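Colleague: Supplied in structure tokens, the structure appears directly below.
Computed from the coordinates by the stated procedures, all read-outs in this text should not be read as laboratory data. Small disclaimer: the values here were computed from a predicted structure and weren't measured. Cβ coordinates were reconstructed from backbone atoms using ideal geometry, including for glycine residues, and neighbour counts include every protein chain displayed.
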Amino acid sequence: MEYYCISHSKDVDGLCSAALVVSSLKCGFKLASYDNILEVIDSVPREKHIVLCDIGTNTKIEEKFVELLSSFSEATYIDHHYIGEETRKRIASAGIKLVHDTSECASMLTYLHFKDKLQTGFEELALYGAITDYMDNSKNSVMIMERKDRHRVLFDATLLSHAISNREMNFRRKVVSQLASGKKPHQIRSVWLSAMSYLRTLDRVYQKVRENSSVLSRVAYAETNLDATGNVAKILLGYYNVPVAVAYKKEDGEWAEVSLRSTSGCRVHLGKTIGSIALSLGGSGGGHERAAGCRIKYKDVMKMLEQLDRVV
Ligand SMILES: [Mn+2]
């Protein structure tokens with residue numbers, strides 16, 4: 001049976017997961033984000049064994065998500081985002097193979113799952129995902145890093161992360177193919193050119209962010225036109241002495257693409273909290289303890305920030 005991979009387009013973890021699947025199964029792939037995941041899954045021929053990585057379901061799309069995945073000959077779903085007990089049961093009873101662990105990143109889970117089919121060196125892709133998802137203190141990451149030139153791996157992970165920021169799908173797809181062929185990020189010319197150009201953009205963002213941001217009592221926020229809203233949120237955490245920062249971008253006129261980051265001073269699980277706030281505002285969202293995202297109506301951004309400010 002032929003395989004087909006769908007992975008998260010947004011970050012290094014998603015792209016590295018895709019590269020690991022493509023390299024081990026020699027299959028086609030597509031990249032998807034939370035706002036088009038159902039359409040992308042639906043576009044793959046049903047006779048394939050579909051392998052889905054690093055892109056989770058959420059309460060809003062869950063039913064359709066499980067139904068779609070179970071319409072394939074076979075489906076493997078590899079993820080590290082939080083999944084509730086009910087969803088887990090639903091996935092299992094639909095015959096979908098679930099590879100899930102919230103203590104490792106998706107590319108690490110993908111690497112461990114397909115390890116036997118991968119050549120030596122590909123474990124570095126799992127580390128890039130772990131480092132950029134802030135999960136390189138996990139059991140497997142630590143074990144693999146012990147046998148590596150740490151600075152070289154950190155450099156490649158960081159290079160990759162900067163290179164894909166603010167870049168279009170086509171660029172990301174090419175990067176996945178090159179990583180799957182065994183190239184390291186620093187061996188791909190377009191990757192380092194893109195990384196350097198993004199760093200220059202970031203320099204300007206650092207200058208501007210203080211002027212264009214505000215703070216509630218425990219939440220700092222800013223609107224941005226950069227795709228890398230997560231990076232802007234991190235810059236805000238550095239500026240304001242608050243536990244949570246939010247950066248958002250206007251999309252398609254009426255929507256806002258939102259990233260949230262927190263410090264250890266935050267009293268709640270950011271992903272779960274924003275998931276329920278976004279749902280209550282007719283949007284969707286989720287993520288990790290200290291890094292999360294959501295998509296809500298642009299006009300509701302202030303309401304979301306105020307609700308968040310009361311609980312974090
Ligand atoms: Mn991830």
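Colleague: Scan segment 42-77 for trypsin sites (Lys or Arg not before Pro) in coil per DSSP, keeping those whose Cβ has at most 10 other Cβ atoms within 10 Å, and list them by number.
Modeller: Passing sites in segment 42-77 are Arg46.
Colleague: Tell me which residues come under 5 Å, amide H to amide H, from Gly28 once H is placed; ignore anything under 5 positions away on its chain.
Modeller: For Gly28, whose amide H was placed from the backbone, the distant partners under 5 Å are Cys5.
Colleague: Once amide H atoms are built 1.01 Å from N in the peptide plane, which residues 5 or more positions from Val99, or in another chain, come under 5 Å H to H?
Modeller: The answer is Tyr77, Ile78, Asp79.
Colleague: At a 10 angstrom cut-off on C-beta neighbours, averaged per residue, how do the peptides 214-220, 125-131 rank from highest to lowest?
Modeller: Taking the mean over residues of other Cβ atoms within 10 Å, the ranking is 125-131, 214-220.
Colleague: Say R0 is 22 Å: what FRET efficiency, to the nearest 0.05, do Glu251 and Leu199 get from their beta-carbon distance?
Modeller: Efficiency at R0 = 22 Å is approximately 0.35.
Colleague: Given a Förster radius of 22 Å and the C-beta distance between Thr102 and Thr158 as r, what FRET efficiency does 1/(1 + (r/R0)^6) yield to the nearest 0.05?
Modeller: Efficiency, rounded to the nearest 0.05: 0.40.
Colleague: Any idea how far the Cα center of segment 107-163 sits from the one of segment 78-97, in Å?
Modeller: 25 Å
Colleague: Can you list which of the GluC sites (Glu not before Pro) found in segment 204-309 are DSSP loop residues with at most 15 other C-beta atoms within 10 Å?
Modeller: Those satisfying the criteria are Glu211, Glu254.
Colleague: Over the chain, what per residue volume does the convex hull of the Cα atoms give, in whole Å³?
Modeller: For the chain, the hull spanned by Cα atoms encloses 129 Å³ per residue.
Colleague: Here is a follow-up. Just to be sure I understand the model, the point goes 7 Å from the Cα along the line to the Cβ. What's the resulting Arg88 to Lys64 distance in nm?
Modeller: In this crude label model, Arg88 to Lys64 measures out at 2.6 nm.
Colleague: Can you give the helix-only mean residue ellipticity at 222 nm for the chain, where every DSSP H stretch with n ≥ 4 adds -39500 (n - 2.57) and the sum goes over all residues, rounded to the nearest 500 deg cm²/dmol?
Modeller: One gets -14000 deg cm²/dmol as the mean residue ellipticity at 222 nm.
Colleague: Suppose R0 equals 51 Å. What FRET efficiency, 1/(1 + (r/R0)^6) with r the Cβ-Cβ distance, do His269 and Gln119 give to the nearest 0.05?
Modeller: 0.85
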